Amino acid sequence: MPVNVTIIGSGFAALAAIRTLRRMDAGRSLAVTVIAPQARFVYLPSLIWVPSGTRRGSDLIVPLEDFFARMGVTFHQAECLGLREGGRIVVTTQGEVRNDALLIASGASYLRKAPGIDHTLNPCSGIQPAERFRAWLQRWRGGRIAMGFAGNPDEPSAVRGGPLFEFLFCLHTQLLRENRRESCKLTFFSPMAEPGKRLGPHAVRQLLGAMERRNIATRLGEKIVAFREDRVVTAGGEIKADVTLFIPGMTGSPWFGNCGVPLSPGGFFIADEACRVVGTERVWVAGDAGSFPGPEWRAKQAHMAELQAEAAAINLIHTLHGRPSHVTFRNELICIVDSLDRGTLVSRFSRFNLMLPALKSMHWVKKFLETKTLHRYR
Ligand SMILES: Cc1cc2nc3c(=O)[nH]c(=O)nc-3n(C[C@H](O)[C@H](O)[C@H](O)COP(=O)(O)OP(=O)(O)OC[C@H]3O[C@@H](n4cnc5c(N)ncnc54)[C@H](O)[C@@H]3O)c2cc1C
């Protein structure tokens with residue numbers, strides 16, 4: 001009887017796990033099944049280049065049929081709805097899938113609790129919203145744009161702030177290039193008094209300084225009351241806007257609640273240092289779907305998703321072979337905050353924190369990383 005391993009998702013964590021499993025299982029004794037809505041990988045970090053037309057949505061999609069064939073993976077096209085029997089059965093929109101070991105790598109969702117949130121556009125939520133913003137920008141004749149992000153009050157690490165800085169700085173550069181920056185008022189808002197603090201002690205000053213130099217107004221530390229069609233209402237007043245881009249705090253997907261396991265305060269699967277889902281047998285989690293132990297600055301990033309997926313896949317194989325399985329992952333925060341022509345490298349490790357000035361070379365490093373990842377899965 002083959003040993004069945006099921007992986008939920010086809011993003012950064014899922015694909016890194018498949019590669020690690022196959023590296024350790026050269027004889028292909030494991031039958032690996034991937035469950036995802038589509039056999040495709042979406043390179044989310046490059047969404048920041050869609051509004052300017054530097055990238056089209058289709059540039060960021062890799063069809064995975066070839067990769068799955070190379071890796072000997074069976075694809076089950078469906079959405080996951082929940083788990084039964086402690087994770088041994090995955091309930092999907094296309095029937096049930098039984099496994100001997102399970103890795104959950106299906107990413108996260110965004111909170112939608114703020115009143116009037118439908119008046120905002122979340123450019124991180126996929127290719128479509130980013131393309132809608134591009135189309136809107138092409139029609140727009142100047143005025144006001146508000147852009148902001150918030151966290152999940154129940155789980156401080158569940159925040160996606162870095163990309164909002166990138167959308168903002170890229171938009172500034174784009175408008176300059178199109179000779180229309182002067183007719184546009186850009187405002188950055190966040191209920192946090194020090195947005196970007198997780199990037200390091202100097203990051204907030206450097207990021208806010210970069211906004212000031214670009215004549216971007218800021219409204220910080222004001223609780224969001226509601227979004228309206230033409231404004232953001234905060235506890236401190238109103239921000240008029242022709243369009244509002246807003247990245248809410250992150251949370252777990254609704255189906256996480258149908259798995260019979262306790263979730264973290266923010267709604268994610270609770271993982272230990274070895275990426276095991278607490279309270280289960282042979283169920284692991286990697287990437288945005290999990291709530292992991294670590295320093296207060298730990299981040300939900302593609303880089304971390306891959307490190308967690310590698311640790312989880314190694315532990316999964318060791319467990320199936322009856323060996324000790326305590327491989328852990330390092331917490332690292334590495335990102336390049338891009339502005340279309342330059343990039344600012346920010347990195348944070350247990351011993352040091354580095355933030356470089358904006359450099360042209362870092363913009364090219366970001367493009368190189370994109371090419372490398374897309375090539376790997378083509
Ligand atoms: C605009 C933007 C810029 C970013 N920039 C960076 C950066 O510069 N550096 C960095 O490290 N990180 C960056 N990130 C964060 C990074 O993209 C995420 O942390 C990463 O994608 C998480 O990987 P994941 O595999 O956990 O989830 P995802 O990549 O989101 O993949 C989740 C997968 O699960 C599938 N799925 C969803 N629901 C279900 C379901 N019910 N059943 C089955 N499958 C399901 C999805 O289709 C998808 O295939 C950025 C994110 C955005 C949006």
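The values are calculated or read from the model by the stated rules, or taken from the named source; none is laboratory data. This structure is a prediction, so every number in the text was calculated from the model and none was measured. We place every Cβ from the backbone using ideal geometry, glycine too, and count neighbours over all the protein chains shown.
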Six or more apart or on different chains, Cβ under 9 Å: which pairs go from a residue in the stretch 310-337 that's free of Cβ contacts under 8 Å to residues at least 40 places away in the same chain to one that's acidic (Asp, Glu)? Could you list them? 311/273; 336/166
From the list 58, 46, 106, 125, pick out the single residue that is of a type outside the set (A, V, I, L, M, F, W, C), within 18 Å of the chain's Cα centre (by Cα) and not in a loop (DSSP other than H, G, I, E, B). 46
Let me spell it out: the conditions are (1) in the same structural domain as residue 286 (by TED's automatic domain parsing); (2) surrounded by fewer than 16 Cβ atoms within 10 Å (Cβ to Cβ); (3) touching a strand residue (DSSP E or B) at 6+ places or on another chain (Cβ under 7 Å); (4) of a type outside the set (Asp, Glu), and residue 136 meets all of them except one. Which number is the exception? (1)
Would you be able to say whether some residue in the stretch 308-330 is touching a Lys or Arg at 6+ places or on another chain (Cβ under 8 Å) and near the ligand (Cβ under 10 Å from one of its atoms)? no
Tally time: how many residues in the stretch 283-307 are in contact with a Lys or Arg (Cβ under 8 Å, 6 or more places away or on another chain), more than 12 Å from the ligand (Cβ to nearest atom) and farther than 20 Å from residue 346 by Cα? 2
Condition check: within 16 Å of the ligand (Cβ to nearest atom), β-branched (Val, Ile, Thr), within 18 Å of residue 13 (Cβ to Cβ) and touching a residue at least 24 places away in the same chain (Cβ under 8 Å). Does residue 247 satisfy that? no
Restricting the search to the stretch 9-31, which residues are in contact with a Leu (Cβ under 7 Å, 6 or more places away or on another chain), buried (at least 23 other Cβ atoms within 10 Å of the Cβ) and hydrophobic (A, V, I, L, M, F, W, C)? 17, 21
Just one of the numbered conditions (1) in contact (Cβ under 8 Å) with a residue 12 or more places away in the chain; (2) within 13 Å of the ligand (Cβ to nearest atom) is not true of residue 55; which one? (1)
